[in-house]
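For reference, the structure discussed in these notes is given below.
The values are calculated or read from the model by the stated rules, or taken from the named source; none is laboratory data. Only a predicted model underlies this, so the values are computations on that prediction, with no experimental measurement involved. Don't worry about glycine lacking a Cβ; one is built from the backbone with ideal geometry, like all the others, and counts go over all protein chains shown.
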Amino acid sequence: MKSDTTGAERVFVFDTTLRDGEQSPGVAMNASEKVRLARQLARLGVDVIEAGFPAASHDDARAVRDIARRIGNHVEAEDASLPPIICGLARATSADIDIAWKAIRPAARPRIHTFLATSDLHMRHKLKMGPSAVLAAIDEAVRHGRDLCEDVEFSPEDASRSDRSFLCDAVATAIAAGASTINIPDTVGCAVPDEFADLIRHLLSHVDRIDSVVLSVHCHDDLGLATANTLAALRSGARQAEVTVNGIGERAGNAALEELVVLLEVYRDRLGLTTGIETTEIARTSRMVSDMTGMTVQVNKAVVGANAFAHESGIHQDGILKHHATYEFIRPEMIGLGAPPLVLGKHSGRHAFRTRMADLGHELDEEKLEQAFRRFKELADKKKTVTEADLEALVADLLQSTENGYRLVDLQVVCGRPGMPTATIRVLDPLGAERIGCAVGTGPVDATYRAIDSIVELRSELHEFDIHGITEGIDAQGRVALQIGDGRGAVASGYGADTDIIVASAKAYLSALNNLLAGSKLCTASRKKEDAA
């Protein structure tokens, strides 16, 4: 096993934010957003990027292919010598595996990740298959994957609830068929650390040739134990951890990348384990995921929450002023916070702005760069200092907007007591035509959304609405993240930032509506293609 100069063994970080993370209810990223996030994950230094589930949709397959081509052939992290492995998920069927291989093939280091359930519950009620049929399917799937790709990972789904003897047989079958990584999932987050650690030790001592593969774990957070279970497994011999940024994912989410990585970093000497993650990129990556998904990080979230390094108690403040270690076990600089604020203002020019965009990891074409620069100048006229957080919000707001959707032109709101809150809005529709709407609501945001509804031919339901200040100060930009649904199961998220919080709310709503409309059109096109086939 590879060790660093201190003798610590390397733990491989397998990031599944773009696959399992995107399966969070209401989260849907478009192809360009996925490529942007994949580039940031590469800068972060993750070893494996699970880019998606190509067989799930044509759009997902295209996004995985773009990531494989554009991220999987370049070294983004400063200390990396190789580009990240680009992985595609596939069910244990030849059709899924073929689609996954076609999507990841452009990468320098592709990986096929296939899975099949091994618990009695799943085999009986979901698969309708007996143990012998499951073993045969595992063998066939992994062998087919190896015929296409040298690197194949196999996951026995619901491993933590599987019969141990049969789980050993399933893992041995996958290894014999050519799997190079075996992943043990706690699919429903029901494991507890000591039992999960014992399961890993049992597999290491009872499965032939298991020392020839990398043993991985994938833990869900239904009981709040995902990070604890992952750590327990690593201490018992697993050497790959499957995680997501901010811990997002199905149901209660997954083990959080930032928690596990920082934990291994601060206890490197005690645990004898280390990762290749550039920890100073953690905060930026967390913000990007939050902005793209519309899933705001809870303020008391470990490592990346807004209060993670905040101190209000007088006793704590006094201690911090005397010595930071009194109440700060983790330094904010470790994750990329606490550096001197970036000072850009209305006198800054294009060259300085372009350079800072590149430093932040944003590769903008000339048109987008010019649009971003104009927005920066407008913001600089309203704010004394434009910080890095402001710039990140500005770019996120710009890049999520689409030329093919509804775009905000002007907004005027009248509100207060007494009176009726009224909003008049002017937008450009997808064809570029100017549309004007006016409505009365219970408040300024409600009036604005009713005015938009009078223009956009789509009825929607507001599920979540969250508002935060991006920076401190009375002139701070407001950030609005929301989630809407069409009442038939489809959901979409949106994001908007502006010094005027009502304008930010309008941007977020239009963004969500555009995403909902795009998803609806994609589903319609897919159904037509299936009908034609």
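The figures follow:
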read-out: Pairs with Cβ under 8 Å, 6+ apart, first in the range 51-75 and assigned by TED's automatic domain parsing to the domain that holds Ile97, second among the aromatic types (Phe, Trp, Tyr); value: Asp60/Phe53
read-out: Members of the range 136-150 found to be outside any helix (DSSP H, G or I) and buried (at least 19 other Cβ atoms within 10 Å of the Cβ), listed by number; value: Cys149
read-out: Hey, Arg111 assigned to a helix (DSSP H, G or I) and not small (Gly, Ala, Ser) or not; value: no
read-out: Residues of the range 433-454 that turn out to be of a type in the set (A, V, I, L, M, F, W, C) and not in a helix (DSSP H, G or I), as a count; value: 5
read-out: Residues satisfying the stated conditions in the range 343-395, i.e. of a type in the set (Val, Ile, Thr) and either buried (at least 19 other Cβ atoms within 10 Å of the Cβ) or in contact with a Ser or Thr (Cβ under 9 Å, 6 or more places away or on another chain) (or both); value: Val343, Thr385, Val386, Thr387, Val395
read-out: Check on Glu78, under 23 Å from the mean Cα position of the chain (by Cα) and surrounded by fewer than 17 Cβ atoms within 10 Å (Cβ to Cβ); value: yes
read-out: Meets criteria (assigned to a loop (DSSP other than H, G, I, E, B) and crowded, with 24+ Cβ neighbours inside 10 Å) for Leu41; value: no
read-out: Any hit, the range 391-406, residues being among the small types (Gly, Ala, Ser) and more than 30 Å from Leu337 (Cα to Cα); value: yes
read-out: Qualifying residue in the range 494-513 (condition: farther than 15 Å from Val445 by Cα and of a type in the set (Lys, Arg)); value: no
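Results for (1) over 25 Å from Tyr509 (Cα atoms); (2) touching a helix residue (DSSP H, G or I) at 6+ places or on another chain (Cβ under 9 Å); (3) in contact (Cβ under 8 Å) with a residue 24 or more places away in the chain, shown as yes or no for each residue.
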residue	(1), (2), (3)
Asp365	yes, no, no
Gln371	no, yes, yes
Arg374	no, no, no
Lys382	no, no, yes
Thr385	yes, no, yes
Leu399	no, yes, yes
